[in-house]
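The values are calculated or read from the model by the stated rules, or taken from the named source; none is laboratory data. Because the structure is predicted, anything quoted here is derived from the model rather than measured. As a convention, Cβ positions derive from the backbone with ideal geometry for all residues, glycine included, and neighbour counts pool all protein chains shown. What goes into the accessible areas is simple: the full protein's heavy atoms, side chains included, and nothing from ligands, DNA or RNA. Shrake-Rupley method; radii C 1.70, N 1.55, O 1.52, S 1.80 Å.
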Amino acid sequence: MGLYVKESGNKNAPILVFLHGGGVSGWMWEKQVQYFKEDYYILIPDLPGHGNSGNEEFVSINKTAEDIINIIQERKNGQKVTIIGFSLGAQIALEILSVKEDIIDQAIIMSGLVRPLKYFQAILKPLIRISMPLTKSKSFAKLQAKVLYVGGEQFDLYFQDTIQMSVEDLLRVLEENMSYRIPDGFKRSKANILVLVGEKEKKTMGKSAVVITRSNRNCQGYMIPRIGHGISLANPDFFNKLVEAWMNEKELPKGMRSID
């Protein structure tokens, strides 16, 4: 059946692909859809095991990257392509840039983990088996949602995504996420790449942003002050203006700190 893809905007305009993080789905980009749909052809797939692609088994980051490449190739008709990925979506975007070096013109990598968490990998399966019942609790989900800056009307969508995800898909997502490294092919990508990380994110995420920025000479990296894991949800107006300025090679918003 294939992945569900929400399409918006003008099909002849430049393509803008948004890849969501693990445990959420395409709804996290709604503020971006409203902001960019007049000038872009927007593609927002729900990743395997998530949202409207919940019946699609999550196999690996590499397999999902191949699926997204096919989605782009089926719709691309000579337009410029920009891809924006958050967290798990950032890792998939990195994979796309690495295995198909000429399909993407611009990429924004947000909070992409590329330093494997070996300790957590060792305890992951028993931890998930024990904690899985908690994910069905609204109280627990609200605590998790707060970390991702999910609130208001979005919480119901987040909770629905949480309770529908299978243990098997969750384990595969986390195993892939926690063991991911930058593929060797990334250094050959010809895309212009913006790497973003929140100042309040875990240290390993900040270190990952430095690694990514140094792994391709076309990368620029910035730390966003006073923000944790979820820049686009925490401050969508700031994020939209940042993306717009960067895509159009204009001056970026002040206050960000360069990382290299």
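Across segment 183-190, coupling constants 3J(HN,Hα) worked out from phi with the 6.51/-1.76/1.60 Karplus curve, θ = phi - 60°, read x, 4, x, 4, 5, 9, 4, 8 Hz, and Gly and Pro carry x.
Per-atom-type breakdown for segment 2-82 gives carbon and sulfur 40% of the accessible area (1.4 Å probe, protein chains only). Rounded to the nearest 10 degrees, the inclination of helix 203-214 to the longest alpha-carbon principal axis of the chain is 30 degrees. Rounded to the nearest Hz, the phi-derived 3J(HN,Hα) couplings of segment 223-238 under the Karplus curve 6.51 cos²θ - 1.76 cosθ + 1.60 (θ = phi - 60°) are 9, 8, x, 6, 10, x, 8, x, 4, 5, 8, 5, 8, x, 5, 4, where x marks glycine and proline. Across segment 56-205, the relative contact order, built from alpha-carbon pairs under 8 Å that are at least six residues apart, equals 36 percent. Protein heavy-atom surface of segment 110-260, 1.4 angstrom probe: 53% of the accessible area is carbon and sulfur, with nucleic acids and ligands not counted. Taken about its Cα centre, segment 205-249 carries a charge dipole of roughly 280 debye when the Cβ of each Lys and Arg holds +1 and the Cβ of each Asp and Glu holds -1. Positive-end ranking of Thr135, Val211, Ile108 along the dipole of the chain, with charges on Cβ about the Cα centre, is headed by Val211.
Listed by chain and number, the lysines whose C-alpha is less than 23 Å from the C-alpha of Lys138, apart from same-chain residues fewer than 8 away, are Lys125, Lys146.
Listed cross-link partners Lys142/Lys202; Lys11/Lys254; Lys31/Lys118; Lys6/Lys118; Lys11/Lys241; Lys200/Lys241 are compared with a 29 Å cut-off, the Cα-Cα value being larger for Lys11/Lys254; Lys31/Lys118; Lys6/Lys118. For the chain, the spread of Cα positions along the three principal axes, ordered from largest to smallest, is 48, 38, 35 Å. The dipole here belongs to segment 4-124: it is taken about the Cα centre, uses +1 on the Cβ of Lys and Arg and -1 on the Cβ of Asp and Glu, and is about 220 debye.
Annotation: average projected area of segment 36-166 is 9.6 square nanometres, based on the convex hull of Cα atoms across all directions.
In order along segment 41-50, the phi-based Karplus estimate (6.51 cos²θ - 1.76 cosθ + 1.60, θ = phi - 60°) of 3J(HN,Hα) comes to 9, 9, 10, 10, x, 7, 5, x, x, 10 Hz; Gly and Pro are listed as x.
Per residue, how large is the accessible surface of the chain? Use a 1.4 angstrom probe and give square angstrom.
48 Å²
Classify segment 151-260 as rounded, prolate or oblate, taking a ≥ b ≥ c as the square roots of the eigenvalues of its Cα gyration tensor: rounded when a/c is under 1.5, otherwise prolate if a/b is larger than b/c and oblate if not. The shape class here is oblate. Decide, for segment 29-101, between rounded, prolate and oblate: order the square roots of the alpha carbon gyration tensor eigenvalues as a ≥ b ≥ c, take rounded if a/c falls under 1.5, and otherwise choose prolate if a/b is larger than b/c, else oblate. Here segment 29-101 falls in the oblate category.
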